[in-house]
Amino acid sequence: VEVPSGPSPSTRQLRHHERAFYGFVHFTTNTFTDKEWGFGDEPPSIFDPSAFDADQIVDSARLAGMQGLILTCKHHDGFCLWPSELTGHSVRNSPFRNGNGDVVRELERACRSAGIEFGVYLSPWDRNHAEYGRPAYLDYYRGQLRELLTNYGELFEVWFDGANGGDGYYGGAREQRSIDNRTYYDWPRTWQMVRDLQPDAVIFSDTGPDVRWVGNESGIAGDPCWYTIDTTGAWPGQADRARLNRGDCDGPTWLIPECDVSIRPGWFYHAAEDEAVRSPRNLVDLYFASVGRGANFLLNLPPDRRGLIPETDRASLAGFRSHLDRTFATNLAERAEIERTTAGHSMTINLAFAAPQRVNVIELRERIAHGQRIGRWLAEAEREDGRWVEIASVEAVGAQRLIRVPQTTAKRFRVRVTDSRGEPLIEHVGLYLEPDLADTATEVRRVHAASVTQLSPVELVFDLGAAVRVRGVRYMPSIARRVSRYELSFATTPENWSSAVLSGEFGNVMANAAPQIVPCDVTARYVRFRATRMAVGDDIEPKHVELL
Ligand code: FUL
């Protein structure tokens, strides 16, 4: 084997490429307040799951075929799911197990006894802590990290989030605190702590050092997606998303792209999203768009207020798994006579069958220990008249490349690598027939408005024609317009607007442009939606707001 000219993965990264698919568990006070980002003033007393069962959560992960789970031990609201010695803002002061509980411990143990790995998420942004934004907070943050790194056995991944939305409770100050995310956290020091205490764990942040964000929260890697990337000038919370998504073919640093996405629109459980759980078909598509592009797939499973993964989500996971198992059960290539010819930096693999085979998925794996070498490659099939037709033209391979092609029946197939950095090293070729999978996604019931009036650039009034029951308001951010704070009011006549006012935050709209639902249960004819703060743009569009 020629020595690779470009970067190659560390041993730690190589192991992590093999994990490929694992889960996130977003659980905290938000589960009980119906928020995506808690403000930091939530009393620990509201954290009261009625039937928390770590084994059930782990069982749900295993049902899907996940290799590990990463728990939000502390999200932006600052509430700790373990009894930290460093704050009272934790499970210790909640009704959970009468204040003697430790969610981190229970989930960690359940993972180990089921034979999957465990990892932690510790939000750097802390909207509860009085010192956030000042140097003293960093001692607290690293102290918490030390607790997690030393008390819960071996961790496979430590997840550092890049979000910072500014305002928060901050020990009662209730103010805006912006930090310079290039300097404030002193990341190299924190990462070194992880290296010292958990040498085998991979470290995730927007920009590595082992695993990078894929630039969106939709679970979709670039096509192609290069492991190598140039992160000069980029920091957690401040990186070019398009670049994170695709990497740089000639980049100097190997960072594993990780596609994080939730099985529901939000990261936390909201009853109003019970009908918006991703279907098996949708999850399979995400698998092809992440693992199938050589990236890792991190799928979030949010426990509900009982502390369990709901049945709907479990049914989707089971459907997803059984479809993948059926698809990949038989590698048709194993029935072929295979012949390989290499000429310099190109290679042809011929697969000849005794009888015609029906194929609609092609898989290649590259021996990435020696770098990501393969550039362009083609898949071709021989028609009955002996002419070869191209069925796929692809850029890049990586740990695993899965390409859906139009269903093709032929006796001979071939894969041709036309461009590679050094000798192409193909480790595996697969030809499969993916069965049909109908999309069973159910549409959320909507209330249709008779008319919508735009009162001002940031204010809409819906007239439903008659008083009807409204169970929620769904807001869909767009690229150019994103509301981060809203106010809702309801009325039965154009005059009596007092009946109910709901206000709040659409947390995380910058990173996740997924729809967010404000649950309510109001009977009204008129509904007024007002943006009280825009994160992007300065007006709202009627089509972005729906009543449920
Ligand atoms: C983001 C956070 O702001 C979200 O709440 C969520 O935790 C997601 C995985 O990362 O940056």
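The values are calculated or read from the model by the stated rules, or taken from the named source; none is laboratory data. Since the structure is predicted, the reported quantities are computational estimates derived from the model, not experimental observations. Cβ: placed from backbone, ideal geometry, glycine included. Neighbour counts: every protein chain shown. Ligands, DNA and RNA are excluded from the accessible area calculation, which covers all protein heavy atoms including side chains. Shrake-Rupley method; radii C 1.70, N 1.55, O 1.52, S 1.80 Å.
Would you please put 290-302, 240-252 in order of how densely packed they are, using the mean number of other Cβ atoms within 10 angstrom per residue and starting with the highest?
290-302, 240-252
What does the charge dipole of segment 293-447 about its Cα centre add up to, to the nearest 20 debye, if the Cβ of each Lys and Arg holds +1 and the Cβ of each Asp and Glu holds -1?
It works out to roughly 280 debye.
Per-residue HN-Hα couplings for segment 248-256, Karplus 6.51 cos²θ - 1.76 cosθ + 1.60 at θ = phi - 60°, whole Hz, x for Gly and Pro?
Running phi through 6.51 cos²θ - 1.76 cosθ + 1.60 with θ = phi - 60° gives 10, 3, 10, x, x, 10, 8, 10, 6 Hz.
Hey, which lysines would be in cross-link range of residue 543, C-alpha to C-alpha under 29 Å, not counting anything within fewer than 8 residues on its own chain?
Within the straight-line limit of under 29 Å, residue 543 reaches these lysines: 35.
Per-residue HN-Hα couplings for segment 420-427, Karplus 6.51 cos²θ - 1.76 cosθ + 1.60 at θ = phi - 60°, whole Hz, x for Gly and Pro?
In residue order, the calculated couplings are 8, 8, x, 4, x, 10, 8, 9 Hz.
Compare the Cα positions of 526, 508, 545 along the charge dipole of segment 499-548 (+1 at Cβ of Lys, Arg; -1 at Cβ of Asp, Glu; about the Cα centre) and return the one farthest towards the positive end.
Going by the Cα projections, it comes out as 526.
On the protein heavy atoms, probe 1.4 angstrom, tell me the percent of accessible surface of the chain carried by carbon and sulfur.
The C+S portion of the solvent-accessible surface of the chain is 46 percent.
Within a Cβ distance under 11 Å of residue 437, other residues only, what is the Lys/Arg minus Asp/Glu net charge?
Computed value for this residue: -2.
Can you list residues whose amide H is under 5 Å from residue 24's amide H, if they're 5+ apart or on another chain and H is modeled 1.01 Å from N?
70, 299, 300, 301
With charges set only on the Cβ (+1 for Lys and Arg, -1 for Asp and Glu), what does the dipole of segment 460-548 come to about its Cα centre, in debye to the nearest 20?
Its charge dipole is roughly 140 debye.
Residues with beta-carbon under 11 Å from that of residue 262, excluding residue 262: net charge, scoring Lys, Arg +1 and Asp, Glu -1?
Result for the neighbourhood of residue 262: -3.
Taking the mean number of other Cβ atoms within 10 Å as a proxy for protection, how do you rank 210-217, 155-162 from highest to lowest?
Ranked by mean Cβ neighbours within 10 Å, highest first: 210-217, 155-162.
When the C-alpha atoms of the chain are aligned to their principal axes, what extent does each axis show, in angstrom, from largest down?
Projected onto the principal axes, the Cα atoms of the chain cover 77, 58, 43 Å.
Of 236, 318, 288, which is farthest on the positive side of the dipole of segment 235-331, counting Cα position, with +1 on Lys and Arg Cβ, -1 on Asp and Glu Cβ, and the Cα centre as origin?
Selected residue: 318.
Which one of 46, 328, 60 has its Cα pushed farthest toward the positive end of the charge dipole of the chain, where Lys and Arg give +1 and Asp and Glu give -1 at the Cβ?
In the chain, that residue is 328.
For residue 247, list long-range residues whose amide hydrogen, built 1.01 Å from N in the peptide plane, is under 5 Å from its own amide hydrogen.
226
Evaluate Rg over Rh across segment 335-395, taking Cα atoms for both radii and Kirkwood's formula for Rh.
0.97
Using modelled backbone amide H atoms (1.01 Å from N, in-plane), which distant-in-sequence or interchain residues come within less than 5 Å of residue 202's amide H?
So residue 202 has HN proximity to 157, 158.
What order do you get for 384-391, 76-83, 275-282 when each peptide is scored by the mean count of other beta carbon atoms within 10 Å, highest first?
Order by mean packing, descending: 76-83, 275-282, 384-391.
Using θ = phi - 60° and the Karplus relation 6.51 cos²θ - 1.76 cosθ + 1.60, list the HN-Hα couplings for segment 384-401 in order, rounded to whole Hz, with x at every Gly or Pro.
4, 7, x, 8, 8, 10, 7, 10, 7, 9, 10, 10, 6, 10, x, 4, 7, 10
Report the far tail of the P(r) of segment 1-112, meaning the percent of Cα-Cα pairs longer than 23 Å.
Result: 40 percent of Cα pairs exceed 23 Å.
If r is the Cβ-Cβ distance from residue 176 to residue 343 and R0 is 41 Å, what FRET efficiency results, to the nearest 0.05?
0.05
Dipole magnitude of segment 346-403 about its Cα centre, charges +1 at Lys/Arg Cβ and -1 at Asp/Glu Cβ only, in debye to the nearest 20?
Rounded to the nearest 20 debye, it is 260 debye.
Shape of segment 213-295 from its Cα gyration tensor (a ≥ b ≥ c, root eigenvalues): rounded if a/c is under 1.5, otherwise prolate when a/b > b/c, or oblate?
Since a/c reaches 1.5 but b/c is at least a/b, the shape of segment 213-295 is classed as oblate.
Hey, can you find the accessible area per residue of the chain for me, probe 1.4 Å, expressed in square angstrom?
Using a 1.4 Å probe on heavy atoms only, each residue of the chain averages 39 Å².
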